[in-house]
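A.B. asks: Here's a structure for you.
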Amino acid sequence: MRTDDDSLLQSLYEGMFEAPLWDGFLNKLLAKTGSDAVKLLFQPSDEERIIELSAGNAVVLEERMLPEGGRRIGDAIAFRSMRPNRVYAQEELLDLAEAKRPDIPSLTGSSAPLKQLRAVRVTETGGLDLWLLCSGGKNIGSATSALLAALAPHLQIALRSHAALERERFRSSITGQAFDRLKMGWLSLDTGCHIIDATDNLDQLFQWGSVLRRGRYDRLVPASPSIDRALTSLVKSFAANSDARPQAFNLSKDPWVEMLVTPHQSQNFAGSRTPVAIVYISGDRRSQADRCDQLVDLFGLLPSEARLAWMLAQATSISEAADALGLTVETARNYSKKIYAKTGARGHAELVRIILTSVLAIS
């Protein structure tokens, strides 16, 4: 049997992107070997959980691996003892199980008909183990053993790729959660300001004050024509000079939304289009009026006090806040004393900390 027949290797490498995993590969292997059942198992070395994938009559394989005591040979007894990349027959697995656990009865004394079995184990440097098993009648013999032996190095590559992909998915998930908590996101642009890639919360970012949107052909379009022109010019300059200086833009003051546009300098990018700029977007999905209402609820402030408190929380001085709100400085000072008493703050700096570390930070 050849590993390249019937697109077997192609389905193996494509299988890590399928749902369920490796479904096409297992079914092709089932047909190629004439097995009653094909099973793929993988398990991290430090976990009890075993992920099982199968094709064909999976019950046959389950029954094949159940001694009278109800314990499976594969559960860290025989399978863990298999040498990597070596194909084992059924009798050899039974011998391994009995050598490791002599208290487990042998299947050879069972009255049930036993079918042939071939199994191979491959390992990944991160601690992930994979076992591939074929079970069936007289077709499961030396040809199946040779095929599994030829597949072993390819299984190892697929396992390593799957582990790396899962690690990147986990890192991406954690990074996405961090960006969400920080009310931030990023996207990459080509020379025409077309979006190539972005964080999962991109659509939420576009709702912050409607200051950015996805235009035709996925082009990033700021609501302000002047910022649009400046962004277009800046991205073109990054295409010509990747060491150009990053530039920040304020997109909205209420709610507060800003972006930082930086040149993309890494050359390790896989894709049909090469990004020339990375845009970091940060902002507050709530308006100032929303925040003031929340301060009223949270600290029992009057609406006029809440408006001043929010201004002060932005590190604005009392005189600047009074001017913005149309108050006299003396009135603002009187309000601030009541704000400090209700929030428990002992001064301006502590008020900033209390408000910005309250639940408003995650709302």
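The values are calculated or read from the model by the stated rules, or taken from the named source; none is laboratory data. These numbers were taken from a predicted model, which means no experiment stands behind them. With ideal geometry, Cβ positions are generated from the backbone for all residues, glycine too; neighbour counts draw on all protein chains shown. What goes into the accessible areas is simple: the full protein's heavy atoms, side chains included, and nothing from ligands, DNA or RNA. Shrake-Rupley method; radii C 1.70, N 1.55, O 1.52, S 1.80 Å.
A.B. asks: Rolling a 1.4 angstrom probe over the protein chains, ignoring ligands and nucleic acids, what is the accessible area of K236 in square angstrom, nearest 10?
C.D. replies: Counting only protein heavy atoms, the figure is 130 Å².
A.B. asks: With bins 10 Å wide starting at 0, give me the P(r) of the range 209-353 over every alpha carbon pair, in whole percents.
C.D. replies: Per 10 Å bin, starting at zero, the Cα-Cα P(r) for the range 209-353 comes out as 10, 30, 22, 18, 15, 4, 0 percent.
A.B. asks: Test of understanding: what is the full-extension gain from E92 to E168, defined as 0.36 nm times their sequence separation minus their Cα-Cα distance?
C.D. replies: Taking 0.36 nm per residue and subtracting the Cα distance, the gain is 23.6 nm.
A.B. asks: Taking the mean number of other Cβ atoms within 10 Å as a proxy for protection, how do you rank 163-175, 117-129 from highest to lowest?
C.D. replies: Put in order of decreasing packing, that is 117-129, 163-175.
A.B. asks: Can you give the accessible area per residue of the range 170-217, in Å², using a 1.4 Å probe?
C.D. replies: Value for the range 170-217: 60 Å² per residue.
A.B. asks: Averaging sequence separations of C-alpha pairs under 8 Å and six or more residues apart, then dividing by the length of the range 162-243, give the relative contact order as a whole percent.
C.D. replies: Result for the range 162-243 is 22 percent.
A.B. asks: OK, next. What are the ³J(HN,Hα) values, in whole Hz, obtained from phi via the Karplus relation 6.51 cos²θ - 1.76 cosθ + 1.60 with θ = phi - 60°, for each residue of the range 183-195 in sequence order, with x given for Gly and Pro?
C.D. replies: Karplus values, whole Hz, x for Gly and Pro: 6, 10, x, 9, 8, 10, 10, 8, 5, x, 6, 8, 6.
A.B. asks: Just by accessible area at a 1.4 angstrom probe, what is the order of R353, R216 from largest to smallest?
C.D. replies: R216, R353
A.B. asks: Would you work out the relative contact order for the range 249-363, in percent, from Cα pairs under 8 angstrom that are 6 or more residues apart? Don't jump to the answer; show the numbers that get you there.
C.D. replies: Values: 117 pairs, mean separation 20.9, N = 115.
Worked out over the range 249-363, it gives 18 percent.
A.B. asks: Share of the range 155-236's accessible area from carbon and sulfur, percent, 1.4 Å?
C.D. replies: So the carbon and sulfur contribution to the accessible surface is 51 percent.
A.B. asks: With a 1.4 Å probe and all protein chains in place, put F17, F25 in order of accessible area, largest first.
C.D. replies: Working: F17 145, F25 0 Å².
Of F17, F25, the descending order of accessible area is F17, F25.
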